[in-house]
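The values are calculated or read from the model by the stated rules, or taken from the named source; none is laboratory data. If you're wondering where the values come from, they're calculated on a predicted model, not measured in any experiment. Cβ coordinates were reconstructed from backbone atoms using ideal geometry, including for glycine residues, and neighbour counts include every protein chain displayed. Just the protein is used for accessible areas: all its heavy atoms, side chains included, with ligands, DNA and RNA removed. Shrake-Rupley method; radii C 1.70, N 1.55, O 1.52, S 1.80 Å.
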Amino acid sequence: MAAAGGTGPIGPYPPDVGDDPLAQEEYDKLRRRVLWTFPSGLYVIGSRADERRNGMTANWVTQVSFEPKLVGIGIEHGALTHDLITAGGVFSVCTVAREDRAIVRKFTKPVEVDVAAMTLNGFAFHDGVTGAPILDQAPAYVDCRVAHSIELGNHTFFVGEVADAAFQAAEDIEVLRMEDTRMNYGG
Ligand SMILES: Cc1cc2nc3c(=O)[nH]c(=O)nc-3n(C[C@H](O)[C@H](O)[C@H](O)COP(=O)(O)O)c2cc1C
């Protein structure tokens, strides 16, 4: 994962910060804390190119159109997930049950895939209609084909059209949100 929030203070700076490096650093930290307060969910993104599959924790996930049904995800350059989505053109977005919160720590590095056992880091999965892996214990998922890829700084915003969506558990199950954890990302 790239350095949280960037490699050092990043401009532009508002007029009251000016050219003072210390003020710039303070402002950089404050802006990060502001961005961290944006509420978000926490998901596992499934990706696949040929037989290589991966699962990755992500919170930059949002629906971006309802006609057609488009979902966007912001993925770091350098992540295996980025390579697999670029090559394979598919991804899944799996929600996580609140009581399964420990899962998200297991998907912050390229995962061990056991194709014979159909597991990602020991978690059972199946392939969706696009071929992207879907965690069996995800309360719900959408399975997407990439429709647009937008280069945005150190991330690519992959926009996928929903090819399939389903619940795999009770519809009213509580799903994990960033504020349920002590983690953050970006900022
Ligand atoms: C709470 C949390 C949220 C994250 N959200 C994102 C995200 O939205 N986009 C992203 O590219 N990486 C995100 N990451 C980082 C990836 O999980 C991490 O960079 C991972 O190493 C990249 O995975 P990969 O190389 O297996 O594809 C997040 C990490 C954590 C801990």
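Among Glu161, Glu99, what's the order by accessible area (1.4 angstrom probe), most exposed first?
Details: Glu161 85, Glu99 165 Å².
So the residues, ranked largest to smallest area, are Glu99, Glu161.
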- Note on the structure: Rounded to the nearest 10 Å², the 1.4 Å probe accessible area of Asp20 is 80 Å²
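Is the stretch 139-187 best put as rounded, prolate or oblate by its Cα gyration tensor, with a ≥ b ≥ c the root eigenvalues, rounded for a/c under 1.5, and otherwise prolate when a/b is larger than b/c, oblate when not?
Numbers: a/c = 5.35, a/b = 1.16, b/c = 4.59.
Since a/c reaches 1.5 but b/c is at least a/b, the shape of the stretch 139-187 is classed as oblate.
Quick one: with all protein chains in place, what share of the accessible area of the chain is carbon or sulfur, to the nearest percent (1.4 Å probe)?
Working: 5650 of 10330 Å².
Carbon with sulfur: 55 percent of the solvent-accessible area.
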- Kirkwood Rh, angstrom, the stretch 8-90 [1 / mean 1/r, Cα pairs]: 15.6 Å
- For the stretch 42-103, accessible area per residue (1.4 Å probe, heavy atoms of protein chains only), Å²: 43 Å²
- Item | Helix-only [θ]222 nm of the chain, DSSP H runs n ≥ 4, -39500 (n - 2.57) each, per residue, nearest 500 | -4000 deg cm²/dmol
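Please compute the net charge surrounding Lys109, taking Lys and Arg as +1 and Asp and Glu as -1 over other residues with Cβ under 15 Å from its Cβ. List each step's numbers first, then the result.
Values: positive: Arg52, Arg53, Arg105, Lys106; negative: Glu76, Asp83, Glu112.
Cβ neighbours under 15 Å give a net charge of +1.
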- Query: How high is the relative contact order of the stretch 56-187, given as a whole-number percent (alpha carbon pairs under 8 Å, six or more residues apart)?
  - Reply: 29 percent
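Quick check: from the Cα gyration tensor, does the stretch 44-187 come out rounded (a/c under 1.5), prolate or oblate?
On the way: a/c = 1.20, a/b = 1.12, b/c = 1.07.
Verdict is rounded for the stretch 44-187.
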- Cβ crowding within 10 Å averaged over residues, with 29-41, 79-91, 6-18 ranked highest first: 79-91, 29-41, 6-18
- Message: Angle check, please: helix 21-36 long axis (alpha carbons) against the longest principal axis of the chain (alpha carbons), in degrees 0 to 90, nearest 10.
- Response: 30 degrees
